[in-house]
Amino acid sequence: MPTDLLYTAEQTRLLDTSAIEEAGIPGRVLMSRAAAALHRCLVQRWPETDSVHVIAGSGNNGGDGWLLAERVWRRGGRVTVYQLGDPDRIRGDALRARQMALDSGVPSQPWRAGCLRDTTGLIVDAMLGTGLSGEVRGDAAAAIADINGSGLPVLAVDIPSGLCSDSGRRLGASVVADVTLSFIGRKRGLYTLDGPDCGGERLFDDLDVPASVFRRVPPADCWQRLDLDIELDCLAPRAAASHKGRFGQVLVVGGDHGMGGAAILAAEAALRSGAGLVRVATRPAHLAAILARRPEAMAAGVDSVHTLVPLLESSSVVLIGPGMGTGPWAQQLLLTAIDSGKPLVLDADALNLLSADAELASKLPAGCVVTPHPGEAGRLLGWDSARVQADRFAAAQALSERFAVSVLLKGNGSLVVGPELDNSLCSYGNPGMASGGMGDVLGGVIAALMAQGLTAHAAARLGVCVHGAAADAAVGEGQRGLLASDLLLPLRRLLG
């Protein structure tokens with residue numbers, strides 16, 4: 001089965017339907033397999049737990065929970081099921097699962113506020129599942145608060161209750177699980193925005209569904225979770241007769257007064273990522289600092305577009321925007337870079353200038369990459385950042401459609417979309433990256449990969465993976481205080 005694909009709730013329902021109607025696997029069998037997988041997870045992760053508290057909703061998610069409770073009970077474990085919601089609303093396989101557990105003697109009681117107080121053991125969240133669309137309210141919200149306030153470990157069934165499986169945002173409130181075990185299809189919301197925080201360790205079981213089931217949802221309609229080892233295959237080994245001319249020339253344009261550090265970081269990242277030559281076009285005041293810190297980068301003072309043009313002509317790829325500002329100097333540099341027709345990586349202030357000039361945005365040459373964070377993405381789309389974060393997948397696709405370039409929407413679970421809507425998600429990286437300069441390093445990495453012959457889209461995919469993986473490698477001494485420059489040496493090791 002395709003282990004790297006990420007599905008929406010609706011796509012997962014299609015897979016469920018296909019498994020039942022076309023592969024001939026009864027729903028009760030799928031539910032029993034899910035309960036068995038949950039039990040294996042419980043025993044492996046918490047072998048010494050003294051009791052299990054299952055909070056069951058009225059849907060199939062609750063049915064999984066009832067069958068898990070029956071397994072624990074049948075094997076001599078202590079378990080209690082707390083029924084959330086009206087049991088008269090339970091139907092189909094979930095009703096049969098509940099009755100089976102009750103017939104086996106599984107203790108149960110209606111959920112009530114505070115029922116988890118002073119308990120020990122493990123909580124199983126089998127409340128809401130993937131069908132939730134609106135904000136969590138009433139007893140469900142109170143139950144989520146009790147679960148999160150219990151201090152007990154939590155195993156979430158398929159997805160933490162209250163987390164939107166499509167967007168990864170909390171729907172008012174969400175269970176914060178230690179482990180989430182998903183079934184049949186990986187839910188894309190678990191891998192971006194609030195998903196990693198709420199999902200904890202994210203595990204998966206395909207419930208032995210045959211590969212034919214997955215043909216119901218074409219891979220092109222899904223998001224793909226990126227794998228660094230696969231993306232690294234884009235980089236061919238270097239021949240013994242290599243020379244710097246084979247690996248392209250990157251021009252970094254940026255660094256207005258007082259912001260020269262951004263351009264320096266970007267240039268260093270391009271060098272560490274394998275570009276043959278790296279030049280920096282910046283304010284003359286920054287030349288001494290660049291030469292002192294990184295003499296391998298060739299720095300040029302640029303006060304006007306006339307001095308920028310020859311630098312553009314000799315470059316393979318242009319990274320424009322780091323520390324550039326949005327004043328007249330920056331505006332002229334961006335216009336000149338776009339008019340050059342060179343492949344561009346646009347970041348930071350270059351994106352802010354694009355958002356203010358629709359005509360300028362329409363002139364972007366083919367083979368460009370834009371790398372906005374949510375605030376910049378919102379300005380480019382005319383949205384606020386909250387709307388971007390409410391559905392990052394839709395925002396990334398809207399950007400790609402509007403600008404007809406490759407888009408890398410940065411954030412927890414960065415998203416990469418190409419002009420052909422080739423959709424990918426990066427799950428590398430960590431909270432230590434929430435510090436200044438990380439985006440400048442990312443821009444330098446992508447530009448260097450493009451200079452070495454990768455397409456804009458392939459460079460964005462590999463660039464975001466290796467950037468996140470470098471941060472993961474650099475975070476061994478702690479997330480707090482991680483600097484953008486700490487990624488430079490791990491980048492070199494990872495790219496080989």
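Using the alpha-carbon centroid of each, what span in Å lies between segment 83-109 and segment 418-464?
Centre-to-centre (Cα) distance: 48 Å.
I want the local charge near PRO490. Using Cβ-Cβ distances under 15 Å, sum +1 for each Lys or Arg and -1 for each Asp or Glu among the other residues.
Charge balance near PRO490 sits at -1.
Can you list the trypsin sites (Lys or Arg not before Pro) in segment 107-192 that are in a DSSP coil and have 15 or fewer other beta carbons within 10 angstrom?
ARG112, ARG117, ARG137
Kindly give Rg over Rh for segment 228-495, based on alpha-carbon atoms, with the Kirkwood expression for the hydrodynamic radius.
My calculation of the ratio gives 0.94.
Taking 0.36 nm per residue of sequence separation and subtracting the Cα-Cα distance, how much length would be gained by fully extending the chain between ALA285 and LEU360, in nm to one decimal?
Contour length minus the Cα-Cα distance gives 24.2 nm.
Given the C-alpha atoms of segment 5-219, compute the convex hull and give its volume per residue in Å³.
Output value, Cα hull per residue: 108 Å³.
Largest first and in whole Å, give the semi-axes of segment 414-471's equivalent ellipsoid, each being the square root of 5 times a Cα gyration tensor eigenvalue.
Semi-axes (√(5λ), whole Å): 19, 14, 9.
How big is D for segment 260-358, in µm² s⁻¹ as a whole number, if Stokes-Einstein is applied with the Kirkwood radius of its Cα pairs at 37 °C and 0.692 mPa s?
Result for D is 242 µm²/s.
If I model a spin label as a point 7 Å beyond the Cα along the Cα-Cβ vector, how far apart are those points for ASP303 and GLU420 in nm?
4.8
At 222 nm, what helix-only mean residue ellipticity would the chain give, in deg cm²/dmol to the nearest 500, using -39500 (n - 2.57) for each DSSP H run of four or more?
-12000 deg cm²/dmol
Could you please report the charge total around ALA470, scoring K, R as +1 and D, E as -1 over all other residues with beta-carbon less than 11 angstrom from its beta-carbon?
It works out to a net charge of +1.
In square nanometres and to one decimal, what's the mean projected area of the convex hull around the Cα atoms of segment 5-102?
Spelled out: convex hull of the Cα atoms, projected over all directions, averaged, 7.2 nm².
Round to the nearest 0.05 the FRET efficiency obtained for TRP46 and ASP118 when R0 = 22 Å and r is the Cβ-Cβ distance.
So, using R0 = 22 Å, E works out to roughly 0.70.
Using the Kirkwood formula over every pair of different C-alpha atoms, what hydrodynamic radius in Å results for the chain?
24.4
Under 13 Å from the Cβ of SER316, count the other residues' Cβ atoms, weight Lys and Arg +1, Asp and Glu -1, and hand me the total.
Spelling it out: positives minus negatives among the neighbours equals +3.
Only Cα pairs under 8 Å and at least 6 apart count here; give the relative contact order of the chain as a rounded whole percent.
Across the chain, relative contact order equals 12 percent.
Collect residues whose amide H, placed 1.01 Å from N in the peptide plane, falls under 5 Å from the amide H of GLU201; neighbours closer than 5 in sequence don't count.
It is VAL179, THR180, by chain and number.
Suppose we take every Cα in segment 111-233 and form the convex hull; what volume per residue is that in Å³?
131
Each value in this text was obtained by applying a stated rule to the coordinates, not by laboratory testing. Every value quoted in this text rests on a predicted model; they were computed, and no experiment measured them. So basically every Cβ, Gly included, is an ideal-geometry build from the backbone, and we count neighbours across all protein chains shown.
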